[in-house]
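The values are calculated or read from the model by the stated rules, or taken from the named source; none is laboratory data. As the structure is a computational prediction, the values presented were derived from the model and not from experiment. Note: ideal-geometry Cβ built from the backbone for every residue, glycine included; neighbour counts use all protein chains shown. All accessible areas refer to the heavy atoms of the entire protein, side chains included, with ligands and DNA or RNA removed. Shrake-Rupley method; radii C 1.70, N 1.55, O 1.52, S 1.80 Å.
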Amino acid sequence: MPDPFLLHLPTTETIPVIASLPHSGLLISKEITDTLKASHRHYLPNQDWHLDKLYDFLPHLGVTVLQAVYSRYVVDLNRSLQEPLFGNFWQSVVAEKTAVNTAIYRTPPSREEVEQRVEQYYRPYHRQLQALLNEQIEKFGKVYLLDLHSFLGLIEDEICLGNGNSTTCSEHFISVVEAAFCSQSYQVVRNKSFSGGYITRYYGQMPQVEALQIEVRYPVYLNANQLDGTSIPDWQVPEFDEAKHKFESIFEQISKTLVAA
């Protein structure tokens with residue numbers, strides 16, 4: 001069974017920036033797949049399609065990248081371990097239904113099975129993220145955490161930045177990121193529906209950590225005609241290539257500005 005995460009270390013001089021990709025994994029074990037309703041065995045909605053490929057340039061900028069391997073429907077790494085562990089899509093660590101309230105399981109997991117998922121997938125990711133943050137704090141004195149996501153629905157804006165309504169990072173940090181996206185003519189909003197999930201808010205409490213959630217609307221980098229909710233959209237499309245080219249410039253600008261500060 002594959003590890004619950006992939007760690008992509010910088011291929012150039014390390015900078016005090018860590019990127020977290022908690023929802024880009026798509027793997028679901030056969031044991032879990034067999035418990036799903038037939039309609040969900042080949043496709044589950046609201047996953048952060050192909051962000052691992054979109055952001056694969058980050059290590060070349062000196063950024064450390066932690067990437068989930070398993071689907072958010074196995075365990076949601078961006079939720080706190082509060083009760084109920086199995087329940088609401090937006091709150092529980094294991095979702096009972098999709099974001100649009102469609103039942104996922106033919107045979108729901110037992111309490112023991114949910115706890116096993118937490119131990120097997122959730123805790124290792126967070127232990128690794130905490131260790132990376134601690135290492136960089138020790139080395140640099142502070143660290144910037146980027147929690148990277150994508151979405152469709154809720155809002156129509158292209159890029160949504162979330163910092164817990166100004167509680168998880170400085171005005172300087174969010175302004176640097178906002179300016180970089182605007183420089184490539186993206187339309188950006190702050191804390192609109194997406195104000196930062198568990199990862200941003202939890203690690204953003206650490207005094208030496210500035211945490212920011214970045215949500216990218218699917219059509220920014222995927223073909224809008226493939227977003228019909230019946231199959232995983234293709235990343236080998238012109239929209240993806242164009243967005244990736246722009247994102248490389250954006251994150252190079254962000255990295256240089258943060259390091260210069």
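Residue count for the stretch 119-143 under the criterion of being open to solvent by 20 Å² or more (accessible area, probe 1.4 Å) and over 30 Å from residue 30 (Cβ atoms): the result is 10. Take the residues of the stretch 97-107 that are part of a loop (DSSP other than H, G, I, E, B) and under 20 Å from the mean Cα position of the chain (by Cα): which is farthest from residue 47 (Cα to Cα)? Taking the candidates together, the pick is 100. Taking interchain pairs and intrachain pairs at least six residues apart, which have beta carbon atoms under 7 angstrom, with the first residue in the stretch 123-141 and under 14 Å from residue 64 (Cβ atoms) and the second modelled with pLDDT of 95 or more and in a helix (DSSP H, G or I)? Every condition considered, the pairs that remain are 133/203. Taking the criterion of being within 17 Å of residue 38 (Cα to Cα) and either at pLDDT below 95 or among the aromatic types (Phe, Trp, Tyr) (or both), the only residue of the stretch 73-96 that qualifies is 73. The set of residues in the stretch 32-81 being among the small types (Gly, Ala, Ser), within 16 Å of residue 105 (Cβ to Cβ) and open to solvent by 10 Å² or more (accessible area, probe 1.4 Å) consists of 38, 39. Note on the stretch 224-259: among residues that are over 30 Å from residue 172 (Cβ atoms) and part of a helix (DSSP H, G or I), the one that is most open to solvent (accessible area, probe 1.4 Å) is 225. Across the stretch 156-205, the number of residues qualifying as aliphatic (A, V, I, L, M) and open to solvent by 10 Å² or more (accessible area, probe 1.4 Å) comes to 4. Of all residues in the stretch 188-235, exactly one satisfies the criterion of being more than 17 Å from the chain's Cα centre (by Cα) and on the phi > 0 side of the Ramachandran plot, namely 229. Please determine whether any residue of the stretch 108-118 is part of a loop (DSSP other than H, G, I, E, B), surrounded by fewer than 17 Cβ atoms within 10 Å (Cβ to Cβ) and in contact (Cβ under 8 Å) with a residue 60 or more places away in the chain. Yes, the stretch 108-118 has at least one match.
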